[in-house]
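Only one structure is covered here, and it is reproduced in the block below.
The values are calculated or read from the model by the stated rules, or taken from the named source; none is laboratory data. Nothing here was measured: the structure is a model prediction, and the numbers come from that model. Here Cβ is always computed from backbone atoms with ideal geometry, including for glycine, and neighbour counts include all displayed protein chains.
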Amino acid sequence: MFGFDYITSLIDKTLASQALEELTGEDGGPCLALTRSDDPMADAGALRLWRGTGDGLIDRMIHFRLVSDPVDTQLFFLFGRAESAMPHFHAQVVQFGPDACVFNTDYLPRLDPVDHPDYYTEVFAALTKPYWKAINDKNNVCALAPANPAIAAYLSPWSIGCGRPTNRAELDRVSPSIEAFLNQYLDLADSLVYAGSSAERLRDRDQRHLDQFFDDRLDPRAWKGVYSVIGEDIGQQVKNIFKTQLRA
């Protein structure tokens, strides 16, 4: 599946740059192996989890794969440490069929642009050219408005994503921009200067941000889809892993 292969390439790039430790399940496999709620013998994907090490600004990396034929969903997150101003990185590819997909990538900012304009310069200025390259191509579906403005409010204005189905050819065209977003993120993980608010305020804002971003009410159709495959109990467990920092 090209969606899985693409997200795997982003994971490999990250692991080549950052010291992250994978937290495996008891059998040495993924942190959380997923099965269908209506057939526990049927594979439904997996959640892999890595923890940041040392003084790095990355708290955790997550790859969540949900398989429900013909749909193969890949979610990839890099979460900055809660007490830092390090943004969170998000990329997604949802493939359905041999060529069709939707995709998106963006950062979740940690501070407000009105109070912290220098933060936005340091974090986002490098994203402007790859952003414009992706959305100014009239052949790209990602040139259209976001599919859900309510979700977009929790991301950034630099978001690149498809509001309706596209194909692998567009993902290939936009790939250099997605990789530029990831490269900037990995550079920030090594060099972010802007300190922002106090650690306590950053931690509190981050928890509230993630609680709202992953709330069922923000994207009920998506979460209903998750629960229909793996059950609500396991779906809530996945959501808690998304939201919970690993490094105090």
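Determine whether the range 203-226 contains at least one residue that is part of a loop (DSSP other than H, G, I, E, B), touching a Lys or Arg at 6+ places or on another chain (Cβ under 6 Å) and under 14 Å from Leu108 (Cα atoms).
Of all residues in the range 203-226, those part of a loop (DSSP other than H, G, I, E, B) come to 214-219.
In the following step, the residues that additionally are touching a Lys or Arg at 6+ places or on another chain (Cβ under 6 Å) were identified as 214.
Still in the list and also under 14 Å from Leu108 (Cα atoms): 214.
Within the range 203-226, one or more residues are part of a loop (DSSP other than H, G, I, E, B), touching a Lys or Arg at 6+ places or on another chain (Cβ under 6 Å) and under 14 Å from Leu108 (Cα atoms).
With the condition kept exactly as written, say whether any residue in the range 158-169 is among the hydrophobic types (A, V, I, L, M, F, W, C), farther than 15 Å from Ala91 by Cα and at pLDDT below 95. Don't jump to the end; show me each part of the working.
Within the range 158-169, the subset among the hydrophobic types (A, V, I, L, M, F, W, C) is 158, 160, 162, 169.
Filter once more, so that each one left must be farther than 15 Å from Ala91 by Cα: 169.
Imposing the further condition that a residue be at pLDDT below 95 reduces the set to none.
No, the range 158-169 contains no residue that is among the hydrophobic types (A, V, I, L, M, F, W, C), farther than 15 Å from Ala91 by Cα and at pLDDT below 95.
Out of Lys138, Lys133, I need the residue that is within 25 Å of Thr8 (Cα to Cα) and surrounded by fewer than 18 Cβ atoms within 10 Å (Cβ to Cβ). Which one?
Lys133
For Asp106, are the conditions met, namely being surrounded by fewer than 19 Cβ atoms within 10 Å (Cβ to Cβ) and of a type in the set (D, E, K, R)? Talk me through it step by step, then tell me what you get.
Values: surrounded by fewer than 19 Cβ atoms within 10 Å (Cβ to Cβ): no; of a type in the set (D, E, K, R): yes.
No; evaluated as a whole, the condition is false for this residue.
Just checking: which of the helices (runs of 4 or more DSSP H) contained wholly in the range 87-201 hold 3 or more residues that are of a type in the set (D, E, K, R) and over 26 Å from Pro220 (Cβ atoms)?
168-191
Write out, first by first residue and then by second, each pair whose Cβ atoms fall under 7 Å of each other, whose residues are 6+ apart or on separate chains, and whose first residue, in the range 88-113, is touching a residue at least 60 places away in the same chain (Cβ under 8 Å) while the second is assigned to a strand (DSSP E or B) and charged (D, E, K, R).
Correct list of pairs: His90/Asp106; Gln95/Asp72.
Applying the selection to the range 229-243, what residues are out of contact with any Ser or Thr (no Cβ under 7 Å at 6 or more places or on another chain) and in contact (Cβ under 8 Å) with a residue 12 or more places away in the chain?
Within the range 229-243, Ile234, Gly235, Gln237, Val238, Lys239, Ile241, Phe242, Lys243 meet the criteria.
Among the candidates Asp187, Asp118, Asp106, Asp137, single out the residue that is at pLDDT below 95 and acidic (Asp, Glu).
Just one listed residue meets the conditions, Asp137.
Criterion first (more than 19 Å from the chain's Cα centre (by Cα), buried (at least 20 other Cβ atoms within 10 Å of the Cβ) and more than 23 Å from Pro98 (Cα to Cα)) does Tyr194 satisfy it?
no
If a residue must be within 17 Å of the chain's Cα centre (by Cα), in a loop (DSSP other than H, G, I, E, B) and surrounded by fewer than 16 Cβ atoms within 10 Å (Cβ to Cβ), how many such residues does the range 234-248 contain?
1
Checking Gly25 against (1) without any contact (Cβ under 8 Å) to a residue 40 or more places away in the chain; (2) within 29 Å of Leu171 (Cα to Cα), only one condition comes out false. Which one?
Failing condition for Gly25: (2).
Residue-wise test of (1) in contact with a strand residue (DSSP E or B) (Cβ under 8 Å, 6 or more places away or on another chain); (2) closer than 27 Å to Ser159 by Cβ; (3) not small (Gly, Ala, Ser).
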| position | (1), (2), (3) |
| --- | --- |
| Glu26 | no, no, yes |
| Asp38 | no, no, yes |
| Asp55 | no, no, yes |
| His63 | yes, yes, yes |
| Val67 | yes, yes, yes |
| Leu75 | yes, yes, yes |
| Leu78 | yes, yes, yes |
| Arg81 | yes, yes, yes |
| Ala85 | no, yes, no |
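Any chance you could count how many residues in the range 91-103 are crowded, with 21+ Cβ neighbours inside 10 Å and touching a Phe, Trp or Tyr at 6+ places or on another chain (Cβ under 7 Å)?
Taking the range 91-103 first, the residues crowded, with 21+ Cβ neighbours inside 10 Å are 91, 93, 95, 101-103.
Retained after the next criterion (residues that are touching a Phe, Trp or Tyr at 6+ places or on another chain (Cβ under 7 Å)): 91, 93, 95.
So the answer is 3.
Which of (1) of a type in the set (Asp, Glu); (2) closer than 21 Å to Gln18 by Cβ; (3) free of Cβ contacts under 8 Å to residues at least 12 places away in the same chain does Glu179 not meet, given it meets every other one?
(3)
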